[in-house]
């Protein structure tokens, strides 16, 4: 006969199982063996089938890696593994796949459970379906990108073209002679020079407002195009040293974020640093991708400006692809921005 204590425990367990099936969040408990093929599921809430297509019974003894697929981000998985190895809880957004191959996004919280020993014996994960949230976020970004594209076209095809036409007209007047007085010629030369600079700046602005989609194979060309645009628009020579990133089979998301960080850092240097030169470098190794933007300008007090919007944006972009951003600078010492992205081995 079960003792009264055992009966109470059984009733509480039944109550817990019943309550969990009414929650939107999915609860999984695994053992702590992270070696291949990964931790094994020892408990799954009944509502797991609504999210994954697998029944709770089917998942017992299998690894959560069953939910992963070709689009699951390796950097996110590495961060999860690193946190669990250090015995700390971790929260991430993760792309998973249902039993029939449909993609879905979860916000996942994983925490270690230590019983008596002090070392984790199990991991508990709570997974919340955020597929619709991500879809709405993507739709918002696409709408914003469409608006930025329209603004960029107006700047490039309208303002920049008008300024270019003005500069050409002034060049024609100056070339014809036309009996211009010396003072008038100097004034026209100045206006033409300013029109040319403003045209370049307008084109650089148009490019920064709405950069095109970039794949890994396109990234070197995009960085060279950025350098030309900033050099012309702001009069600061920008050089590019770039390895071929194709060996890493770099995805569009990573390439796009790397480019946007390079663009932000380069434009900041061109606009604010009073630099004589800016250098962009991209080096690709077997275990990491290293992007650097360095200038020889006036630098800044990192304690005052490290939390600025531009810096925060670059850090967020670095984190989104599993990288880390660092800045070295000082008054009169120029500025170097480094983004290092570890590459997970297959």
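Every read-out reported here was derived from the displayed coordinates using simple, explicitly stated rules and does not represent laboratory data. Remember, it's a predicted structure, so these values are computed and weren't measured experimentally. Here the Cβ is made from the backbone with ideal geometry for all residues, glycine too, and neighbour counts use every protein chain on show.
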> PRE reach from residue 132 (point 7 Å along Cα→Cβ): which of the range 23-67 fall under 17 Å by backbone N?
Replying inline: 23-26, 50-52
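Residue separation times 0.36 nm, minus the C-alpha to C-alpha distance between residue 168 and residue 119: what's the value?
Values: separation 49, 0.36 × 49 = 17.64 nm, distance 7.40 nm.
Length difference between fully extended and current span is 10.2 nm.
Subtracting the Cα-Cα distance from 0.36 nm times the residue separation, let me have the gained length for residue 176 to residue 107 in nm, one decimal.
Going from the current span to full extension adds 18.0 nm.
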> How do the peptides 288-299, 102-113, 77-88 rank, highest first, by the average count of neighbouring beta carbon atoms within 10 Å per residue?
Replying inline: 288-299, 102-113, 77-88
> Tell me, in nm to one decimal, what length is gained between residue 29 and residue 86 on full extension, where the rule is 0.36 nm per residue of separation less the Cα-Cα distance?
Replying inline: 18.7 nm
> At what distance in nm do the modelled label points of residue 224 and residue 239 sit from each other, each positioned 7 Å from its Cα along Cα→Cβ?
Replying inline: 1.6 nm
>> At a 10 angstrom cut-off on C-beta neighbours, averaged per residue, how do the peptides 311-324, 257-270 rank from highest to lowest?
In response: 257-270, 311-324
>> How high is the relative contact order of the range 132-210? Use alpha-carbon pairs under 8 Å, at least six apart in sequence, and give a whole percent.
In response: 51 percent
>> Once R0 is set to 45 Å, what does the formula 1/(1 + (r/R0)^6) return for the Cβ-Cβ distance between residue 93 and residue 276, expressed as a FRET efficiency to the nearest 0.05?
In response: 0.60
